[in-house]
Each structure stands twice: as structure tokens, then as C-alpha cells.
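Let me begin by presenting the structure, written as C-alpha cells, before commenting on it.
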Amino acid sequence: MSMPSIEGTYKLVRRELPDGTTQLPPSLKGLYTYTRDYRNFSIVWKDENDKYYSESYAAKYKLTESEYSETSEYLFINDEIGGKGLTYDLSNRIANSVVSVEGSRISFELPQDFEKALSITIEIDGNNMKATGKDLFVDYWEKVS
């Protein structure tokens, strides 16, 4: 079996919340890139009070048919919505998770859990990516390059 490629840049097209609300650009924007060795993720959204949450993350990763592993390069979060302001993590944490491959679809849980409460599952199938934050959101991304 050949391993599907996840390389490319994906643009966030919508977010579905548990209460049925759908968020769309321009109040929500994001880009997610996988190169051969690195992933880079940036997202920003604003709430109904015009306060922002933004996050930028970069990591070196390795993907096999059975495991996804990554070493964090950096994480920057600006959480005006939660009242936390700027936080930085330059710890170079190493983590891994199990991979599932079914035809052209690949899925895995992002292994880095910086806030100790967020579980995000990534599913990539061709030009589409879905990121599910358990009980928080489902983000839909489309490959743009």
C-alpha cells in the first residue's frame, strides 16, 4: 500500500461549532502547510465582542503508515478572548500518535497538547482536510497549493 501525501497548503473555509453555529471568513482565517519535513499552522478569529484569538505553530514532523511524530519548534498564542494575552512555548517537545490509512484517507491525532485539554484529530483525503477539536469545533480546510 502506498502512503497518501499530506504535503501542501490548506486554507480554512469554515468552522462548525457544537451549537450549530457556522463561522466563515473574514471573522475566521487560517492557513495550514505541510512540507516534506515541517508543518506550519496559523489561525485567527474574533468573537462577537471584537476580541481576537490567534495562534501560530511550527513543528518538524515524520509520518509513517503507523505513526505521526513531531518536534515542536515554537507556539505563539494571543488569547484576547480568554483574557490571557500573549503566551510562548519554545520547549521543543516531542510527541507521537497512531496513524490510520484507508485508501486515500489518512487520519491521526495531533500529539502536541500544550493546553492539556484539547484533542484534535486531523483527517486528510485528497484536497480536503478536516480538523476536529472534540466537543469544540470541526474545521474544514481546502488545499490551495
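Readers should treat all values here as calculations from the given coordinates under stated rules, not as data from a laboratory. Everything numeric here is computed off the predicted structure, so don't read it as measured data. When we count neighbours, we look across all protein chains shown, and the Cβ atoms used for this are built from the backbone with ideal geometry, even at glycine.
Tabulated data for the structure shown
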{"item": "Qualifying residue in region 38-49 (condition: in a strand (DSSP E or B), touching a residue at least 12 places away in the same chain (Cβ under 8 Å) and polar (S, T, N, Q))", "result": "yes"}
{"item": "Scope region 117-140; condition in a loop (DSSP other than H, G, I, E, B), farther than 16 Å from Y57 by Cα and not small (G, A, S); matching residues", "result": "N127, K134, D135, L136"}
{"item": "Residue list for region 63-113, filter: outside any strand (DSSP E or B) and hydrophobic (A, V, I, L, M, F, W, C)", "result": "I81, L90, L110"}
{"item": "Total residues in region 82-104, condition surrounded by 14 or more Cβ atoms within 10 Å (Cβ to Cβ), in contact (Cβ under 8 Å) with a residue 24 or more places away in the chain and in contact with a strand residue (DSSP E or B) (Cβ under 7 Å, 6 or more places away or on another chain)", "result": "5"}
{"item": "Answer residue from region 115-130, given it is under 17 Å from R15 (Cβ atoms), without any contact (Cβ under 8 Å) to a residue 60 or more places away in the chain and among the hydrophobic types (A, V, I, L, M, F, W, C) and is surrounded by the most Cβ atoms within 10 Å (Cβ to Cβ) among those", "result": "I122"}
{"item": "Test set (1) small (G, A, S); (2) touching a residue at least 24 places away in the same chain (Cβ under 8 Å); (3) in contact with a Lys or Arg (Cβ under 9 Å, 6 or more places away or on another chain) - S54 fails condition number", "result": "(3)"}
